[in-house]
1. For the range 1-79, what class follows from the C-alpha gyration tensor (a ≥ b ≥ c being the square roots of its eigenvalues): rounded when a/c is under 1.5, otherwise prolate if a/b is larger than b/c, else oblate?
2. Can you return the aspartates and glutamates within cross-link range of LYS43? Criterion is Cα-Cα under 18 Å, with same-chain partners fewer than 8 residues away left out.
3. Taking 0.36 nm per residue of separation and subtracting the Cα-Cα distance, what length does fully extending ASN57 through VAL27 add?
4. For a quick check, take a GNM of the chain with Cα springs below 10 Å and name the residue from GLY45, GLY19, GLY80 with the largest mean-square fluctuation.
5. Give the residue list of chymotrypsin sites (Phe, Trp or Tyr not before Pro) in the range 1-91 that are DSSP loop and have at most 14 other beta-carbon atoms within 10 angstrom.
6. Restricting to DSSP loop positions (anything but H, G, I, E, B) with no more than 16 other Cβ atoms inside 10 Å of their own Cβ, which GluC sites (Glu not before Pro) remain in the range 1-82?
7. If the elastic network links every pair of Cα atoms under 10 Å, which of ALA20, ALA51, ALA39 fluctuates the most in the Gaussian network model of the chain?
8. Could you check which residue among VAL56, VAL84, VAL42 shows the biggest mean-square fluctuation in a GNM of the chain with a 10 Å Cα cutoff?
Amino acid sequence: MAGYTHYFDTESNLLPYLGAGAGVGIVETPQGGSGTYFAWDVKGGVKIKTASSVSVNINAYLQSMSAAVGESYYWTYWYGPVAVDDYVSTFQFGLGAVLSFNFKK
């Protein structure tokens with residue numbers, strides 16, 4: 001997944017950030033099937049800088065993936081039966097904390 005993160009400079013040890021990404025999600029089912037589908041994510045948090053090159057990130061994120069799962073058929077007055085693709089989306093929300101290393105000091 002390709003993404004971008006923007007850090008807001010606050011002239012302090014706290015750096016709030018927002019980010020987003022898009023890419024491909026891979027799903028494998030217990031029955032042995034697999035597929036690749038469109039996926040995206042958004043994130044936000046705060047990076048807490050310390051006196052050393054190690055910092056702490058506290059974050060929240062939302063990830064999603066969408067997939068075509070079949071077709072539904074509708075009857076129209078002029079065209080008769082029409083097939084329309086059905087889609088399903090999954091969403092995952094998380095909270096976390098990460099120790100990170102600052103290469104630029």
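1. Prolate.
2. Within the straight-line limit of under 18 Å, LYS43 reaches these aspartates and glutamates: ASP9.
3. Details: separation 30, 0.36 × 30 = 10.80 nm, distance 2.86 nm.
Result: 7.9 nm gained on full extension.
4. GLY80
5. Details: sites: TYR4, TYR7, PHE8, TYR17, TYR37, PHE38, TRP40, TYR61, TYR73, TYR74, TRP75, TYR77, TRP78, TYR79, TYR87, PHE91; in loops: PHE8, TYR77, TRP78, TYR79.
Here the chymotrypsin sites (Phe, Trp or Tyr not before Pro) that fit, given the DSSP loop and packing criteria, are PHE8, TYR77, TRP78, TYR79.
6. Details: sites: GLU11, GLU28, GLU71; in loops: GLU11.
Sites meeting the loop and neighbour criteria: GLU11.
7. Sorting by GNM fluctuation, first place goes to ALA51.
8. Of VAL56, VAL84, VAL42, the most mobile in the Gaussian network model is VAL84.
We did not get these values from a lab; they are worked out from the coordinates using the rules stated. Keep in mind it's a predicted model, so treat the numbers as computed, not measured. We place every Cβ from the backbone using ideal geometry, glycine too, and count neighbours over all the protein chains shown.
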